[in-house]
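Worksheet: one structure, shown below.
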Amino acid sequence: MEILSQEVREATKKKFDGELENKVTILYFTQEPSRLVHPDSLKGQACFFCKETKQLLEEVKALSDKIELLVYDYTADKEKAAEYKIDKIPATVIMGDQDYGIRFYGIPSGYEYTSLVEAIADVSKRRTELSAQTKDALKSVDKDIHIQVFVTPTCPYCTKAVRLGHQFSLESPLVKADMVESTEFPHLANRFNVYGVPKTVVNETISFEGAVPEEEFLAQVLKAVSLPR
């Protein structure tokens with residue numbers, strides 16, 4: 001059974017046909033149930049939705065000849081996983097001619113399907129719709145910034161936060177941004193006290209809830225930049 005409805009497939013293909021400019025490569029890290037060896041962070045848990053995420057990405061890949069999908073086994077391809085700093089699965093990397101640090105941990109379904117489609121479009125265009133002020137401010141970032149946006153597929157407000165994180169990552173080589181599906185990674189949700197979504201955590205020190213405006217999102221990131229190294 002297909003995951004994407006005919007209506008969603010047609011709408012996505014129309015968007016891709018109109019917006020994709022350059023090749024996009026999707027790297028997907030998964031594990032077959034018969035070979036599952038849990039990473040330390042997932043001991044005692046199954047790889048939730050690994051099979052479904054792969055199917056979803058295959059369906060998306062089929063909608064444009066500008067999209068390439070490469071599938072890796074988390075254990076068998078451990079060197080590749082280490083290269084892209086993948087520490088949990090399912091993991092999806094959206095990249096172009098370089099790795100922009102855009103990650104999806106967990107299945108990008110429900111409202112987060114929009115985040116996936118928009119990330120593919122942004123990476124293909126190699127540019128974002130962020131304001132000139134935000135782009136200029138991101139040029140001043142001089143330390144590594146790791147953004148984690150905790151979401152659930154049923155949250156209509158999470159997409160905005162995920163998209164901002166990914167756009168920041170595309171604009172700055174020092175910013176990396178993850179979508180983290182909180183129900184698939186409860187150990188992380190517990191660690192960062194995720195009681196409502198979206199919840200954004202920056203460098204594991206700064207956190208805030210809600211789909212805040214671009215200016216506020218930037219202010220929180222710059223606050224993390226200003227903290228002692």
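So which helices (runs of 4 or more DSSP H) are wholly in region 1-103 and hold at least 3 residues that are buried (at least 18 other Cβ atoms within 10 Å of the Cβ) and at pLDDT 95 or above?
Output list reads 50-61.
For residue 189, only one of the following conditions fails: (1) over 12 Å from residue 161 (Cβ atoms); (2) in contact (Cβ under 8 Å) with a residue 40 or more places away in the chain; (3) not in a loop (DSSP other than H, G, I, E, B). What is its number?
(2)
So residue 94 fits all but one of (1) farther than 22 Å from residue 218 by Cβ; (2) under 17 Å from the mean Cα position of the chain (by Cα); what number is the exception?
Here residue 94 meets the rest and fails (1).
Might you check whether a residue that is within 14 Å of residue 165 (Cα to Cα) and not in a helix (DSSP H, G or I) occurs anywhere in region 104-114?
yes
Looking at region 127-163 only, could you name the residues that are in a loop (DSSP other than H, G, I, E, B) and either touching a Phe, Trp or Tyr at 6+ places or on another chain (Cβ under 7 Å) or over 17 Å from residue 214 (Cα atoms) (or both)?
Of everything in region 127-163, those that are in a loop (DSSP other than H, G, I, E, B) and either touching a Phe, Trp or Tyr at 6+ places or on another chain (Cβ under 7 Å) or over 17 Å from residue 214 (Cα atoms) (or both) turn out to be 142, 143, 144, 152, 153, 154, 155, 156.
Considering region 1-28 alone, what residues qualify as being of a type in the set (Lys, Arg) and over 19 Å from the mean Cα position of the chain (by Cα)? Please lay out each step first, then the result.
In the first step, residues of region 1-28 are kept if they are of a type in the set (Lys, Arg); the result is 9, 13-15, 23.
Of everything in region 1-28, those that are of a type in the set (Lys, Arg) and over 19 Å from the mean Cα position of the chain (by Cα) turn out to be 9, 13, 14, 15.
Out of region 210-221, which residues are surrounded by fewer than 16 Cβ atoms within 10 Å (Cβ to Cβ) and of a type in the set (Asp, Glu)?
Once the filter is applied, which keeps residues that are surrounded by fewer than 16 Cβ atoms within 10 Å (Cβ to Cβ) and of a type in the set (Asp, Glu), region 210-221 yields 215, 216.
For region 110-137, give me the residue count where each residue is under 19 Å from residue 202 (Cα atoms) and without any contact (Cβ under 8 Å) to a residue 40 or more places away in the chain.
The qualifying residues number 1.
With the structure loaded, tell me whether residue 150 is surrounded by 19 or more Cβ atoms within 10 Å (Cβ to Cβ), closer than 24 Å to residue 18 by Cβ, of a type in the set (Phe, Trp, Tyr) and in contact with a helix residue (DSSP H, G or I) (Cβ under 9 Å, 6 or more places away or on another chain) or whether it fails that test.
Here the answer is no, as residue 150 does not meet what is asked.
Which of the residues spanning region 163-182 are closer than 13 Å to residue 149 by Cα and surrounded by fewer than 19 Cβ atoms within 10 Å (Cβ to Cβ)?
Within region 163-182, none qualify.
Can you confirm whether region 164-181 contains a residue that is of a type in the set (Gly, Ala, Ser), within 28 Å of residue 127 (Cα to Cα) and assigned to a helix (DSSP H, G or I)?
yes
The values are calculated or read from the model by the stated rules, or taken from the named source; none is laboratory data. Being a predicted model, the structure only gives us computed values, none of them experimental. For neighbour counting, all protein chains shown are included, and Cβ atoms are generated from backbone atoms with ideal geometry for every residue, glycine included.
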